[in-house]
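These notes concern the structure reproduced below.
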Amino acid sequence: MIRDRGRISPRRPQRRVLVVTLIGVIAALVIAVLGIVAGSSSLTIPDAVRTLLGAGTPGQQLIVIELRLPRVVAGLLVGAALGMAGALTQSFARNPLATPDILGVTSGASLGAVAAIVLAGGSYSVGAGLLSLGLPLVAVLGALISSAIVYGLAWRGGVDSYRLILIGIGATAALGGITSYLIAQAKITDATAAAQWLVGSLSGVSWASVWPVLVCLVVITPIALQQSTNLELTQLGDEVSTSLGVAVQRHRLVVIACAVVLTAAAVSASGPVEFVAFVAPQIARRLARTGRPPILAAGLVGAIIVTGGDALTRGVLPGQVPVGIITAIIGAPYLIWLLTRRTERETR
Amino acid sequence: MSHMRTDSAGRMTTPPPARTSTVPALEARGLTLAYDRSVVFEGLNLSIEAGKVTTLIGANGSGKSTLLKAFGRIVQPTVGVVQLDGTPVRDFATREVARRLAILPQKPLTPSATSVRDLVSRGRHPHQSLLKPWTPRDTEVVDAALAATGLSELASRDAGSLSGGQLQRAWIALVLAQEAPTILLDEPTTFLDLSHQLDVLELVRSINRERGATVVMVLHDLSLAGRYSDRLVVVGEGRVLADGPPWEVLTPDILRAAFDLEATVVPDPSSGSPLVVPALRPEAASGFRWPSAN
């Protein structure tokens, strides 16, 4: 008989999760270097590495540090934020199909951004102006307000994740309807700008749009990781986790707030990059073979997907394809595949 | 696993918590329980004696599960307090409650990709903190809980692959690993065949006898409730209808009033406890006619 004494405990992260996380870090760094080089005829990989280490020519410095690096870093951060937000949402909802979208974050951000573009169209010219401070701010406001409303509507002496999902789906549909109405009413230039924003893209990202996401990640990641044990326990149901001493409602509020802030930060920088928050946690969970998505690993997979997808649009595909289209093209078939092979009881 | 002993005065000598036989393990004081606007109990007083097995029985919808959940702080009372070891339960930190009180709900969720040992290990959570992570004693307690429930050899199996009876024993092992002196069990025998029901109830009885644990459970089978309990509490119509040792509670009159059940009660030939034998009920089907074939 195999004895597995002392092999595992909830407090000791399993070794496989650690290995997956470490490999994820290395892979993300490699992808980042490829992302810097992608689509450029003059840069080689050794050039990029040398410049990153501070030994490039002034011309290389300009291209790498000022033009390419912000975009690559933004990709890493946006992907990490979406991946972690997805892992948090799927864990607390105990549902692999749950994404932060169901909290009303993305639809709220989209409505905010589109309203800003369409209603204040004159002051936001297409292109660089889109990424000025105003638009991300409005998007964040829209995200926070709509998710607060969804949470408030779901509250009945506590928030039940099932009710939260249903209300979130309803809110997403309603907000999406208003967004579509605004686009239908808009002037053609504004409508194009809105549509571009809604696809999710990293083109034109500068250092200014990187910092807010970075600050959010630095603040939220430790809080999210601290909830890791409680997330593990709530997999046993609200009643068992209460019995084990988890303050379920407080824990759930913290987790939802983390997911909302991470998603809002990501969406404000790049627009809604589809399916990352949904796919990244599931890939991480399958790699690490855990019961629920590991948070850090999900963030790293998200970073790899977004940075890699963006590098692909610049290096391989013709024209400027927004990264949101790539992730949707990868994500949608994955969703279908997951749905068709879901034999185990993963939802409640 | 540390066994609880009693000294000559009948007091538990193993902390936590030190308590005398006069302090009830759980006490409902003026408890009003309601879902939305429908009131289940109003002004309920009920005291659960420490070290005994108390079983709540009652008809479907009588609120026995709700009462158990209120004791386990899963349902919050609209009015009144629940006292745990003589102190209002809301005065304790949530983790302190978890060290004193464990509740096994009717339908816990079995996590995916989790071994039996992993599942049972989660019972140790209330005993851990950032400053006091997993210790060798935690491993010992988990080993003992697995052994007590006969799951040692299945410890590395995936919890999702267990049979119904094994899974229920795994959940009870988790509760054992929690080392709480008071244990609440909501219908621990549902979905189990009779043989596995007996296994679970014998296990519960031995936890009570060997560790001095206070057990409060909800059961549907009246005869099994009579066999394995020190005290039965019959609830219905928003109050306690009857309360006492099995032979005093399982009487034809009380069964008629609480369950709308005509029955005779005879001594169980194997245990001597009350055995409820329901009368035939031909009138239940008398109103039914097959539609004539046209």
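The values are calculated or read from the model by the stated rules, or taken from the named source; none is laboratory data. Note that the structure is a prediction, hence the values are computed from the model and not measured. Don't worry about glycine lacking a Cβ; one is built from the backbone with ideal geometry, like all the others, and counts go over all protein chains shown.
Within segment B:102-119, is there a residue that is among the aliphatic types (A, V, I, L, M), in a loop (DSSP other than H, G, I, E, B) and surrounded by fewer than 18 Cβ atoms within 10 Å (Cβ to Cβ)?
Yes, that holds for at least one residue.
For A:S268, state whether it is modelled with pLDDT under 95 and buried (at least 24 other Cβ atoms within 10 Å of the Cβ).
Taking the combined requirement at face value, the residue satisfies it.
Can you list the strands (runs of 3 or more DSSP E) lying wholly within segment B:229-294 that have 3 or more residues being of a type in the set (V, I, T)?
Qualifying strands (runs of 3 or more DSSP E): B:231-236, B:263-267.
Return the only residue of A:L335, A:L296, A:L287, A:L300 being under 12 Å from the mean Cα position of the chain (by Cα), within 27 Å of A:L225 (Cα to Cα) and either among the aliphatic types (A, V, I, L, M) or assigned to a loop (DSSP other than H, G, I, E, B) (or both).
A:L300
Within segment B:171-184, which residues are of a type in the set (A, V, I, L, M, F, W, C) and within 11 Å of chain A (Cβ to nearest Cβ)?
Answer for segment B:171-184, where residues must be of a type in the set (A, V, I, L, M, F, W, C) and within 11 Å of chain A (Cβ to nearest Cβ): B:W171, B:L174, B:V175, B:A177, B:A180, B:I183, B:L184.
Looking at the structure I just gave you, is A:G204 under 30 Å from B:F71 (Cβ atoms), of a type in the set (G, A, S) and touching a residue at least 12 places away in the same chain (Cβ under 8 Å)?
Judged against the criteria, A:G204 is not a match.
What number goes with the only condition from (1) among the basic types (K, R); (2) buried (at least 22 other Cβ atoms within 10 Å of the Cβ); (3) away from chain A (no Cβ under 11 Å) that B:K52 does not pass?
That leaves (2) as the condition not met.
Considering only residues that are buried (at least 17 other Cβ atoms within 10 Å of the Cβ) and facing chain A (nearest Cβ under 7 Å), which ones fall in segment B:144-159?
Of everything in segment B:144-159, just one residue is buried (at least 17 other Cβ atoms within 10 Å of the Cβ) and facing chain A (nearest Cβ under 7 Å), namely B:A155.
Six or more apart or on different chains, Cβ atoms under 9 Å: show the pairs whose first residue is in segment A:256-281 and among the aromatic types (F, W, Y) and whose second is modelled with pLDDT under 95 and not in a helix (DSSP H, G or I).
Close Cβ pairs satisfying both conditions: A:F275/A:T99; A:F278/A:P96; A:F278/A:L97; A:F278/A:A98; A:F278/A:T99.
Report whether or not A:G245 is at positive phi, away from chain B (no Cβ under 14 Å) and not acidic (D, E).
So A:G245 does not fit the description; no.
For segment B:159-194, how many residues meet the condition of being part of a helix (DSSP H, G or I) and touching a residue at least 12 places away in the same chain (Cβ under 8 Å)?
16
Select, from A:L22, A:L29, the only residue that is within 30 Å of A:L233 (Cβ to Cβ), outside any loop (DSSP other than H, G, I, E, B), away from chain B (no Cβ under 14 Å) and at pLDDT 85 or above.
Testing whether each residue is within 30 Å of A:L233 (Cβ to Cβ), outside any loop (DSSP other than H, G, I, E, B), away from chain B (no Cβ under 14 Å) and at pLDDT 85 or above leaves just A:L22.
Hey, could you check segment B:73-96 for residues that are more than 7 Å from every other protein chain (Cβ to nearest Cβ) and in a helix (DSSP H, G or I) and say which is farthest from the chain's Cα centre (by Cα)?
B:D91
Evaluate the following for A:L253: is it in contact with a Phe, Trp or Tyr (Cβ under 9 Å, 6 or more places away or on another chain), touching a residue at least 60 places away in the same chain (Cβ under 8 Å) and in a helix (DSSP H, G or I)? Even if it seems obvious, please write down each step before you answer.
Numbers: in contact with a Phe, Trp or Tyr (Cβ under 9 Å, 6 or more places away or on another chain): yes; touching a residue at least 60 places away in the same chain (Cβ under 8 Å): yes; in a helix (DSSP H, G or I): yes.
Yes: the conditions hold for A:L253.
Being at pLDDT 95 or above and either closer than 30 Å to B:E248 by Cα or more than 13 Å from chain A (Cβ to nearest Cβ) (or both) narrows it down to one of B:V216, B:V200, so name that one.
Matching residue, one of B:V216, B:V200: B:V216.
Working only within segment B:97-119, note down all residues that are facing chain A (nearest Cβ under 7 Å) and without any contact (Cβ under 8 Å) to a residue 24 or more places away in the chain.
B:L109
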